[in-house]
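Taking it in order: structure first as C-alpha cells, then the write-up.
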Amino acid sequence: MTAETRMPVLEIENLCISYYTRAGEIPAVVDYNLTIYEGESVGIVGESGCGKSTVAMAIMRYMGSNGGIVGGSIKFKGRDITHMSDEELRQMRGSEIAMIYQEPMAALNPSLTIGAQLMEVPIIHEGVSEKEAYERSRDMLSDVKLPDADRVMAAYPHQISGGQQQRVVIAMALLSKPALLLLDEPTTALDVTVEAGIIELIAEIASRFGTAQIFISHNLGLVRETCDRICVMYSGEAVETGTIDDVFNRMRHPYTRGLFGAIPLPSANKNDRPLVAIPGQLPLPHERPDGCNFGPRCEYFDAGRCGSGTIAMRAVPDSPNPHETRCARFEQIDWDKRPNLGKVNEPIELGDTVLKIDNMRKYYELHDHSIKAMLSGKGTRYVKANETLSFEARKAEIVAIVGESGCGKSTFAKVLMGLETATEGKIIFNNHEIQDTEVQLRPREQVSSLQMVFQNPNDTLNPSMTVGSQISRVIRKFGVESDPDKVHDRVMRLLDLVKLPRDFYYRRPRQLSGGQKQRVGVARAFAGHPSMVIADEPLSALDVSVQAAVTELLMDIQRDYGTTLLFISHDLSVVRYLADRVVVMYLGQIMEQGTTEEIFAPPYHPYTEALLSAVPIADTTVGKRKIVLEGNLPSVVNPPIGCPFHTRCPRKIGKICEDERPPVLSDGDGHKIACHIALDELRKIEPVFFTVKPPPPSDGEGATTAVGAE
Amino acid sequence: MTATDSFAEPLPEREAALVRFLKSFALIRESGVGMVGVGIVVGWVLIAIFASLLAPFDPNATILPYQRPGAVDPATGMTFWFGTDQIGRDILSRIIWGGQRVLIYGPIATICAYAVGILMGLAAGYFRGWWDSILSRVADIILSFPIFVLYVIVISTFGASGLNIVLAIVFASAPGIMRIVRGLTLDLRNRDYVAAAQTRGESPLRIMFVEILPNARGPLIVDACLRLGYVTITIGTLGFLGLGLPPPDPDWGGMVNEGRAMALAFPHMTVIPCLAISSLVLGLNLMADGLREISIRD
Amino acid sequence: MLIFFAKRLGYLVFTMVVVSILVFLVLELDPGSVAQKVLGPYSNAEQRQIWMEANGYNDPNVIRYFRWLGNFVIGDFGMSSRFKVPVIDILGPRLASTGILGLGVLAVMVPLALLLGVLAGMKEGSVQDRVISVFSIATTSIPEFASGVFLVAIFVLGLGWLPGVSNMSSGFDITQMILPVGALVMYGFGYIQRMTRASMAEVMQTHYIRTAVLKGVPSGQVIMKHALRNALIAPFTVIMLQINWLLSGVIVIEYLFAYKGFGSLLLEAALNKDIFVIEACTMVAVFVAVTTQTLADVGYMYLNPRIRFS
C-alpha cells in the first residue's frame, strides 16, 4: 500500500491560526501542512503550547470566540472546512469527523444518561428511530469491550470508572462511522494499566473500522504504539514529519533529537548515559525569535543561516517515504554522532540504613451513617490505605515507590512526614521512631532532615510571597541561619544550586515557568540540609524537556549531598532510569520490591509484569509482550479479600488467591514478591521486554510490526 | 502559566503588603464599568470627607419648610438646590451629611463583620471536624432568619443606636462571610504550599494567616464591595422603617420615612434621598463587578 | 434518599428549637418587661405583679419556656396587646395577604430572571450579556423602599396610571398589587439573574458542551438539552432561598404601600412592643424560611444525578 494509491481524507495546506488577546494578535500555528490518507494514523507530538491541540480544534473549526483561521485551507474529502456554512459544519461534526478527548469525565454530560448521549448521534445524523439508536449504541458499547452494555446505557457518567468513561467516549465517536478520528491526549488522565487497554482499543480501530486517525500526544512512546506517521511540532510549527521509523531512527531536526535525548529510553542510564535536557525554554508565542524558532536552544545554530527569514519545510533526500524537516542546516549536521553526552558519573556508594519501615499500617475510619449499617454494627469501616508496609532505604539511595492511583503511596508520604500518624507498626528514621509523632511535635532537626518536593508546580509555592521570602522562611524556621544578611546569602547560594538566576529572589511565583517553580521547590526542600527527601511525582506535570532538566538537577544535588531520595511515581521509565531500588504497591500493599534490575527482569510479580508491559517505549529497537489487564482498579474502600490483585490478575491460580493473603517470597537478597505462585514458576516467565532488530531503512512500517509481535 | 511579560519589567523591590493589596485594586482600570463605579464611590467619599465645606446650610437647622428644589432663602439669598423638608431643613445639606454618616457606619460594620467572619471561616475550614460542625451550624441558624425580621426584633428590643445597628449588622453578616471564607479555605488548604508549610512544622495560626488568607483575597475583595453596598442598603432600610440611627442627625433612609407623608405633594423629599442611596450602592456594585471581571480574566 | 429526607427534617426541628430558645431569651427572659409590654407603660408595679401571677410568669424560666413552646406548637400564640384579640386571628388573614403578594412576585420574578440569566450567560461577554448584566446590577442597587418611591413618582405622580396606596380599603384590587410586586421584583430579580448567568456561562465553558457541539448537535438542542439541565440546578436553590429574602422585603414594601400583610404586622408590632405578635411573626417567618431551605436541599439533590445516585 503506497501513499499514491490511497485517497487523502484530510489535506491541510499552509494553515495559519491566530488568537486575539489584549496584547494583540498572537499566531498559534504557522504554515502548517499535513495530509492524511484513508485508514492511516498520524501522531502529532510536541510539548505544551506547541499548537498541537489548536490544529485539532481547527479541523473541527471550533476555535472559541478569540481564535480564528487566518490563512490556508483544511480540505476534508475535497471540501474546504474553512469555508463551510454553519449547517454544513454541524452535519460534518460527529458524523464524518469525530473527536476523543483528554478527560472523559469532563467530556460527558453529568446529568444525562450515557444512553441518551450515545443515541443522540445516530438520531441527529441519520434520523433513525429511538429503538434503532438504542440498539446501535448498545452494540457499539459491546464493540469497545464494555461488559454489561445495557447497564452502562442506563448509567450516569459518574457511576462508571475513568477507563469505562473513555470507552464510552470512543463508542460515541465511532457510532456514526466517521472517516477521521481526532484523539486529543486520550489517555493522559488515566492510570497506566487502564491506559494500556485504551491504547490497544485505539490501535484496533483503524483495522476494524478503517478510520483515519490523528493522535495528539506529548508521549513519543504512545505515538510509536498507535501511529504510522508522526509530525513533531515546536512553537506553532511542524518541525519534522515522516514515518515512525524515519523520525525515530533517522531524525533530521535538532529538536526531535533533543526530545529523544531528554526522555528516559531503556538505553539511558543515570551513571554513564544520563539524560540531556534541551537548554533554555519554549519561547512564548509573541516572543518567538526571527528565523528558526528553535534557534536559541539549538547547538547547531548559525546566525547567518538560521537567524532570519522564514525557514521552510524541506524533503529529506534519499528517503523512500516522505520525510520533511524544517532545519536549514540538516545537511551539515552529523546525525550519527551522538551529541554532547551529559556528564558521566561514578556510581555512588550507599551508606547505612536511614529509614526503616516495619509492618507499618495506616487505616482510616469511614463512618457509615445509614441506619442499616448502624443496626448491623458496621457503622465504622476501615480504609486500609497502607497494609503492613516493610522496606528500608539507605544513605544516598534512591528508592522509588511505584503504583497507580489509590495504591497508598501518597498516604505513606503523609505518615512519613508526620501529617498523619501510623495505625500500627514502626517507622524508624535516623534511629528514632517517628510513626506516632506529628510534625509539630517532632524536634526541629528531625523536621529539617526530612523534607518534601511536591507534584504540582503551580501549587507548590505560595502565590502571594516572593521566591526569596519563601526560601528564607525555611532557613530561619530550621535555624540554619538567623542573621538577615546571612539568610539572604544562603538563599542566593541555594538559587545558584538549583541553577536559577539570583534576581529570582524578588520574583513572585506567577512570573516563573513550571520548571522554574519546581526548581524553587527543590531549593526549599534542600534548604535545611535534609538527610532524606520525598519527591511525590515531581515530574508528572512538567514537559518532556523540562522533566529531564529537573531530573538531572534533583540527582546532582542528591549525589552531592548524599541525600536519600524517596521517589514516588507512576512512570516506570523514569523509575528505571534513576532508582536504585523499587517498591511496587497496589491498593495499599507492597506487591514486589527489589533493586531496579531485579524488578525489571523475571521473576516478576504478575502486577509488576502488567505494569511494565503498560509502559509506552519510544525506542523501536525494544519490543514488549502485551499484557492488558481486564476490569477496573478496585476501590480502596472495598478492596478484594485475599490477594488484592486477584480480580485482574492474568496469572491467577485459583481460589487460594481470593481467600488468602499471598506469602512473601524472597528471591535472593532484598528481592521480595508477594504472590501465591511459586518462585520457580515465576522465574520461567519470559521477560516483558526484548530487543528487536532495527528494521532496514527501506521498510517504513518495520517499527510498528515489531510491536505487534506477541 | 508560563513566565509572563513582566520579565521585561524592572523587578520590584520588597513592597509592603498594603501596597500590594492596593495594587490589586489598580487593575480595575481595565474595566470600563468598574471605572464608572470607582468614580461614583470616590465622588461620595470626597463629599463625605468635605461635608463641612460643601454643605451650604446646617443640616439640622429649621429654615423654611416645604420649599421646592431651586427655591431661594429670602433671609440669606442662598438657593435650596434640593428644596427643604417639612420642618424646613435644607435637603442638600442633609444629603451631604447623611452621606458622611453612611460612609462611617457602613465600612465600620463591614470591617467588623469581616473580622469575625474570617476568623470563623478560617477555623472551620482549616481545622474541620467539630470546629466546622459547630461554627457551620451556628451560621446556618443565624442565616435561617429572614434578615430584616432579625433586625426588627433585635433593634426594637435593644433600641436603635449606632452601636446596636453595627452589632446587628455584624451578627447578621458574619455567617455569610464565614461561609465564603470556609469554602475558600477548604480549597486552599489542599494546596501543596500549605502541605509544605505543614511539613516544616509551621503553626496553624501562621498557616491560616500567611499561607491561606492572602491567597483568598481576590474573591473576598469582590465580596467586600458587594457587602458594603448591601450594608448601605440595610442602614438605609432601617432608617426608612424608623429603626435607624436616631434623629435629628440626617440619615438617608430616615429622610425618606419622614418625607413619606408628603410624598404626593412634595416628591422631592423622598426621591432625592432615594437617588443618593441608590447611586452609592450602584457605584459599589459596579466596582465589585469590575473587580470580579478582572479576577476571572487573570 | 429517605434517610436524607429524615435528616433534613430532623435538622429543621433542631433549628426551630434553637430559634425558639433565642426568641425566648431575647423577648421573654425578663418577666417584668413582658408584663410592662403587655399592660402598657402606664401600668403600675402592682398591676404587673397581678398579671404575672395570673399568667404563671413567676415560675422558673425552664418551665416557662416549655409552657411557652407547648402553646406555640398547638397554635396558641397569646393575645395581641394592641388589637386585644388572639394573635392567631390577626396573623391568619395577614399571612394570606402576604402569600398573595409573594406568589405574585415569584410568578413575575422567576421567569424573568431565568430568561435574562440564560440569555446573558449563553454568550458570555457579548453585547447582549453586557446590557442585561448592567441593567440587573442597576436594579439590584436600588433598595426596595427606593424602587417603591421611584415607581410611585413615575406611575402615580407622573403618569397617574396606578394608585399609590395598597391598603385594599374597598376590597381586593389588582391594580393596587402592581406597584408592590413591581418594587420587589425590581430589587429581587437581579440576584437570581446573576446566579443563572454565572451558572449558564460556566456550563457553556464545560467540555461536555464542547462534546455536544462537536457531535453535531444543533445549537438549539445544545442549549435546551445539554446546557439548561445543568445550568438550572444552582439557580433552583437560589430561588428557594429568595423566599427568605422575600420575608424581609415584604416588611419594607408593605410598610411603604400600607399593604395589610404579615410584614407590616411585624413592623407595627415591633414599634408598638406588641410582644406576642412579634414572637408569633418571628417563629412563622423562620419556619417558612427553614422549610423552604429544606425543600431547596431536597430538590437540589433530586435535580443533581451525581448526588442522587451516590
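The values are calculated or read from the model by the stated rules, or taken from the named source; none is laboratory data. What you see is a predicted model, and the numbers here were worked out from it, not measured in a lab. Positions of Cβ are generated from backbone atoms using ideal geometry, with glycine treated the same way; all protein chains shown enter the neighbour counts. Remember, those area values only see protein heavy atoms, side chains included, never the ligands or the DNA or RNA. Shrake-Rupley method; radii C 1.70, N 1.55, O 1.52, S 1.80 Å.
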Quick one: residue C:239 ticks every box in (1) without any contact (Cβ under 8 Å) to a residue 60 or more places away in the chain; (2) assigned to a helix (DSSP H, G or I); (3) in the same structural domain as residue C:171 (by TED's automatic domain parsing); (4) crowded, with 21+ Cβ neighbours inside 10 Å except a single one, so which number is it?
(1)
Based on this model, can you work out whether residue C:186 counts as under 27 Å from residue C:153 (Cα atoms), open to solvent by 10 Å² or more (accessible area, probe 1.4 Å) and modelled with pLDDT of 90 or more?
yes
State yes or no: is residue B:291 farther than 19 Å from residue A:464 by Cβ and open to solvent by less than 40 Å² (accessible area, probe 1.4 Å)?
no
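Inspect all residues belonging to the stretch C:52-71 and state whether any of them is more than 14 Å from every other protein chain (Cβ to nearest Cβ), hydrophobic (A, V, I, L, M, F, W, C), part of a helix (DSSP H, G or I) and closer than 15 Å to residue C:275 by Cβ.
Scanning the stretch C:52-71 turns up at least one residue that is more than 14 Å from every other protein chain (Cβ to nearest Cβ), hydrophobic (A, V, I, L, M, F, W, C), part of a helix (DSSP H, G or I) and closer than 15 Å to residue C:275 by Cβ.
Using the structure shown, decide if residue C:195 is touching a residue at least 40 places away in the same chain (Cβ under 8 Å) and more than 19 Å from the chain's Cα centre (by Cα).
It is false that residue C:195 is touching a residue at least 40 places away in the same chain (Cβ under 8 Å) and more than 19 Å from the chain's Cα centre (by Cα).
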Only one of C:286, C:277 is in contact (Cβ under 8 Å) with a residue 24 or more places away in the chain, within 23 Å of residue C:94 (Cβ to Cβ) and touching a Pro at 6+ places or on another chain (Cβ under 9 Å). Can you tell me which?
C:286
Report those helices (runs of 4 or more DSSP H) wholly inside the stretch A:46-130 carrying at least 1 residues which are at the interface with chain C (Cβ under 9 Å from one of its Cβ atoms) and of a type in the set (Gly, Ala, Ser).
A:104-107, A:114-126
Going residue by residue through the stretch C:144-158, is there one that turns out to be more than 26 Å from residue B:238 (Cα to Cα), away from chain B (no Cβ under 11 Å) and either in contact (Cβ under 8 Å) with a residue 40 or more places away in the chain or open to solvent by 40 Å² or more (accessible area, probe 1.4 Å) (or both)?
no
Need the failing condition index for residue A:277 against (1) in contact (Cβ under 8 Å) with a residue 60 or more places away in the chain; (2) within 14 Å of another protein chain (Cβ to nearest Cβ), just the number.
(2)
Check the stretch C:264-281 and report whether any residue there is open to solvent by less than 20 Å² (accessible area, probe 1.4 Å) and more than 28 Å from residue C:177 (Cβ to Cβ).
yes
Which condition from (1) surrounded by fewer than 17 Cβ atoms within 10 Å (Cβ to Cβ); (2) at pLDDT below 85 is the one that residue A:319 breaks?
(1)
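Considering only residues that are under 12 Å from residue B:232 (Cβ atoms) and either facing chain C (nearest Cβ under 8 Å) or touching an Asp or Glu at 6+ places or on another chain (Cβ under 6 Å) (or both), which ones fall in the stretch B:267-278? Steps first, please.
Quick first cut of the stretch B:267-278, residues under 12 Å from residue B:232 (Cβ atoms) only: B:276-278.
Once the filter is applied, which keeps residues that are under 12 Å from residue B:232 (Cβ atoms) and either facing chain C (nearest Cβ under 8 Å) or touching an Asp or Glu at 6+ places or on another chain (Cβ under 6 Å) (or both), the stretch B:267-278 yields B:277, B:278.
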Count, please, the residues in the stretch C:24-39 that happen to be in contact (Cβ under 8 Å) with a residue 12 or more places away in the chain and either surrounded by 16 or more Cβ atoms within 10 Å (Cβ to Cβ) or part of a helix (DSSP H, G or I) (or both).
11
Note on residue A:78: of the conditions (1) closer than 22 Å to residue A:206 by Cα; (2) crowded, with 22+ Cβ neighbours inside 10 Å; (3) not charged (D, E, K, R), unmet is (2)
What is the residue count in the stretch C:251-278 for residues that are at the interface with another protein chain (Cβ under 9 Å from one of its Cβ atoms) and part of a helix (DSSP H, G or I)?
11
Listed by first then second residue, the pairs whose first member lies in the stretch B:28-49 and is away from chain C (no Cβ under 14 Å) and surrounded by 16 or more Cβ atoms within 10 Å (Cβ to Cβ), whose partner is assigned to a helix (DSSP H, G or I) and among the polar types (S, T, N, Q), with beta carbons under 9 Å and at least 6 positions apart or on separate chains, are B:47/B:100; B:48/B:100
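Any chance you could count how many residues in the stretch C:1-23 are exposed (fewer than 15 other Cβ atoms within 10 Å of the Cβ) and either in a helix (DSSP H, G or I) or within 12 Å of chain B (Cβ to nearest Cβ) (or both)?
12
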Hits in the stretch A:101-131 (condition: among the charged types (D, E, K, R) and crowded, with 18+ Cβ neighbours inside 10 Å):
A:103, A:120
Would you kindly identify the helices (runs of 4 or more DSSP H) lying entirely within the stretch B:211-298 that contain at least 2 residues that are within 30 Å of residue B:122 (Cβ to Cβ)?
B:217-240, B:268-297
Do you know which of the residues in the stretch C:294-307 that are assigned to a helix (DSSP H, G or I) and touching a residue at least 60 places away in the same chain (Cβ under 8 Å) is farthest from the other protein chains (Cβ to nearest Cβ)?
C:298
Selection from the stretch A:515-536 of residues open to solvent by 20 Å² or more (accessible area, probe 1.4 Å) and either at the interface with chain B (Cβ under 7 Å from one of its Cβ atoms) or under 22 Å from the mean Cα position of the chain (by Cα) (or both) yields A:516, A:519, A:536
Out of all the residues in the stretch A:582-604, is one or more under 18 Å from the mean Cα position of the chain (by Cα), hydrophobic (A, V, I, L, M, F, W, C), buried (at least 21 other Cβ atoms within 10 Å of the Cβ) and not in a strand (DSSP E or B)?
no
Any idea which of C:234, C:201, C:212, C:227 is open to solvent by less than 50 Å² (accessible area, probe 1.4 Å), within 14 Å of chain A (Cβ to nearest Cβ) and modelled with pLDDT under 90?
C:234
